[in-house]
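Peer 1: One structure is given below, represented as structure tokens, and several questions about it will come after.
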Amino acid sequence: MRTLIPYMKKYRIFAILSPVLMILEVMADIIIPYLMSRIVDIGIVNRDIEYIVRIGLIMVGAALFGMLFGIISAHCGARAGFGFASEIRQKLFKKVQDFSFANLDKFTVSSLITRLTNDCDTIGRVTMMSLRMAIRAPFMALFALIMALRINASLAKVFMVAIPVTVIAITIVLIKARPLFLELQTRIDRVNAIIQENLMGIRVVKSFNRQKHEEDKFKNRNDSLRDTALQAISLIIFLMPVLNLIVYSTIMAVLWFGGQQVVVGTMGGGELISFITYITQVLMALMMISFFFMQLLRGSASVNRVVEVLNTESEIKEIDNPVREIRDGSISFNDVCFRYPGSDERTLKDIDLHIETGEVIGIIGSTGSSKSTLVQLIPRLYDATEGTVTVSGIDVKKYDIKALRNQVAFVLQKNTLFSGTIRSNMKWGNEDATDEEIIKALKQAQAWEFVSKYDDGLDHRVEQGGDNFSGGQKQRLTIARALLKSPKIMILDDSTSAVDMATDAKIQQVFKEELGHITTIIIAQRIASIQYADRIIVMHEGRIESMGDHETLKNTSPIYREIYESQQKGVVA
Ligand SMILES: Nc1ncnc2c1ncn2[C@@H]1O[C@H](COP(=O)(O)OP(=O)(O)O)[C@@H](O)[C@H]1O
Ligand SMILES: [Mg+2]
């Protein structure tokens, strides 16, 4: 909780006002039964209409004041609670933006979404209620108790039984409810995880006809969420009648002992009525406290989950005084090994490699041979576990990360476009890009041929994820977006797999001739996509199996020859 308190700063005035005004509301609540007893015992007994009206008016005034302060207090509480939640959400969002890929692997996207939505909401709601109830309940209990003692100290002895019984009942329920509430949060998380995974992949689920299977999986988790929620709720349902029983028994006791005093004349009838009201208020306040603890329990689970994210440092750390200028596009891997966090095996082993500025490098190898892992080390999406990766002769860890990533454009294997227009997506690469620059990049990526056919051209809509484009169109748009960064190094991770051969060849030609100054690394499945590269690297089980140009590799690398021959057959057949 201490981690979160600074986020209340902007709203602290409301966080202070809410409980303060609440005390005024409580005062009104407390004074009203007292006034009522005066009306009964003095006004009615003496048949003094004027007195009744006067005190009655004061009573109405107190009620109105109480209501006014109550409304303002509730309003302040809501502002503080929701404001607090929104500050935390903003900070979480920023934090997640800075996360490294390793951090994202650890938390998983669906759990981050739950934390940003559900958990922040819970924190806001609990804060709002706490500000009101945490003050209201104890003050109410205290004041009501004092008033009851003032009215009739001997009768107040009933509290000595009622309060401990109530506290014990509530404590038992709270102790039993605690694990259930924590469990509830985990179950909500699991249901959310499946919803997210499923909706993101809904097209795949449908095309594989896995709806039934996914539905069953969902049903299991959903049912277990329901059962836990029911268990938790039934504890509370059980608490309510028990507390009611305690309240009514206490009232009975008060009526019994108090009634005798009224008969004897040592206590007024009005006093007895207000005494009963006070005793009800005290027990109500205790219920409120128990409810508050219950909320706090739910809130604390959310707080932990949010703080866990806020306290996570990005795995990728920047040094002090980082280098901001990247002079050229040369790259070196020196004895590099890499292990994914949480995995025991090395994914990359003994990589030694030097790439000159402006070279076009092709990388080929079976899936899982660590091609993607290799290139991810260049813009520091992950850091090498052993050895160093350098760009223009300087260790990548010494660069300012923004500067490095600006100069290393990476078209990811699982790339995506964002909802908006083609222009807005291209501006991701360079915010200040003019239409001419955008069109030039689209032409280089061979995307202009289809974009120019749209009536609205660059203003053509892009749906979420770029779902309104074909795979090949999307790939060409993401290449254009990367080109707009005018990088020194360009990495294409299987970025032309869905593009037809002829267009693919044109893209290669552009990189070789028009963009010859850019160091280009092309990962591909098809030999045709990298055939004209200056050098081709063959990856096999996390190692560089061999390296050379197309003609050399055909003769020296058995793996390359095998891939080549299998693809030749495909072409002939
Ligand atoms: N985020 C990750 N966490 C753990 N292991 C991973 C992760 N990404 C890839 N791997 C593993 O690393 C190996 C190499 O993967 P990758 O570099 O994607 O291969 P390629 O791109 O050649 O198909 C695979 O065995 C894969 O399971
Ligand atoms: Mg890959």
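The values are calculated or read from the model by the stated rules, or taken from the named source; none is laboratory data. None of the values given here were measured: they were computed from a predicted structure. No Cβ is skipped: glycine too gets one built from the backbone with ideal geometry, and neighbour counts run over all protein chains shown. With ligands, DNA and RNA removed, areas are computed over all heavy atoms of the protein, side chains included. Shrake-Rupley method; radii C 1.70, N 1.55, O 1.52, S 1.80 Å.
Peer 1: Convert 37 °C to kelvin, take the viscosity as 0.692 mPa s, use the Kirkwood radius over C-alpha pairs of region 1-102 as Rh, and evaluate the Stokes-Einstein diffusion coefficient in µm²/s, rounded to a whole number. Before the final figure, lay out the partial values.
Peer 2: Details: Rh = 16.8 Å.
Result for D is 196 µm²/s.
Peer 1: How many percent of DSSP beta bridges within the chain run antiparallel, rounded to 5?
Peer 2: About 50 percent, rounded to the nearest 5.
Peer 1: Something else about it: If each residue of separation counts as 0.36 nm, what is the full-extension length gain between residue 23 and residue 311 once their alpha-carbon separation is subtracted?
Peer 2: 100.1 nm
Peer 1: Quick one: the Cα spread of the chain along its three principal axes, in angstroms, biggest first?
Peer 2: Ordered largest first, the chain gives principal extents of 117, 48, 45 Å.
Peer 1: With r as the distance between the Cβ atoms of residue 153 and residue 324 and R0 = 56 Å, compute the FRET efficiency 1/(1 + (r/R0)^6) and round to 0.05.
Peer 2: About 0.15, to the nearest 0.05.
Peer 1: Something else about it: Select from region 1-86 those trypsin sites (Lys or Arg not before Pro) which occupy a DSSP coil region and have at most 12 other Cβ atoms within 10 Å, ordered by residue number. Don't skip to the end; give the middle numbers.
Peer 2: Numbers: sites: 2, 9, 10, 12, 38, 47, 54, 79; in loops: 2, 47.
Passing sites in region 1-86 are 2, 47.
Peer 1: Out of every Cα-Cα pair in region 331-572, what percent are more than 30 Å apart? Working shown, then result.
Peer 2: Numbers: 7666 of 29161 pairs.
Value for region 331-572 (Cα pairs over 30 Å): 26 percent.
Peer 1: For q = 0.17, 0.24, 0.25 Å⁻¹, what log10 I(q)/I(0) does region 319-360 give under the Debye formula with an equal point scatterer on each alpha carbon and no solvent?
Peer 2: Each listed q corresponds, in turn, to -0.72, -0.87, -0.87.
Peer 1: For region 384-474, which GluC sites (Glu not before Pro) pass both filters: DSSP loop (anything but H, G, I, E, B) and at most 11 other C-beta atoms within 10 Å?
Peer 2: Details: sites: 386, 431, 436, 437, 449, 463; in loops: 431, 463.
Those satisfying the criteria are 431.
Peer 1: Here's a follow-up. Using the alpha-carbon centroid of each, what span in Å lies between region 301-336 and region 378-415?
Peer 2: Cα centroid of region 301-336 versus Cα centroid of region 378-415: 10 Å apart.
Peer 1: For region 331-572, what proportion of DSSP beta bridges, expressed in % and rounded to the nearest 5, is antiparallel?
Peer 2: 55 percent
Peer 1: Still on this structure: Tell me which GluC sites (Glu not before Pro) from region 465-573 have a DSSP coil assignment and no more than 10 other beta carbons within 10 Å of their own. The partial results should precede the final answer.
Peer 2: On the way: sites: 513, 514, 541, 545, 551, 562, 565; in loops: 513, 514, 541.
Those that pass, being in a loop and sparsely packed, are 513.
Peer 1: Any of 106/474; 371/488; 106/440 with alpha carbons more than 31 Å apart? Name them for me.
Peer 2: 106/440
Peer 1: While we're here: Could you calculate, for region 274-395, the ratio of the Cα radius of gyration to the Kirkwood radius, expressed as Rg to Rh?
Peer 2: Computed over Cα atoms, the ratio is 1.43.
Peer 1: Hey, another quick one. Under 17 Å from the Cα of residue 206, which lysines turn up, not counting those fewer than eight places away in the same chain?
Peer 2: Answer for residue 206, where 17 Å is the Cα cut-off: 217, listed by chain and number.
Peer 1: Given 95/317; 94/485; 317/427; 443/512, which pairs have Cα atoms separated by over 18 Å?
Peer 2: 94/485; 317/427
Peer 1: Please calculate how many Å² of accessible area region 331-572 carries per residue, with a 1.4 Å probe and no DNA, RNA or ligand atoms counted.
Peer 2: Value for region 331-572: 45 Å² per residue.
Peer 1: Ok, one more. Can you bin every Cα-Cα distance in region 5-310 into 20 Å intervals starting at zero and give me the percent of pairs per bin, rounded to whole numbers?
Peer 2: Binned Cα distances yield the sequence 26, 45, 23, 6, 0.
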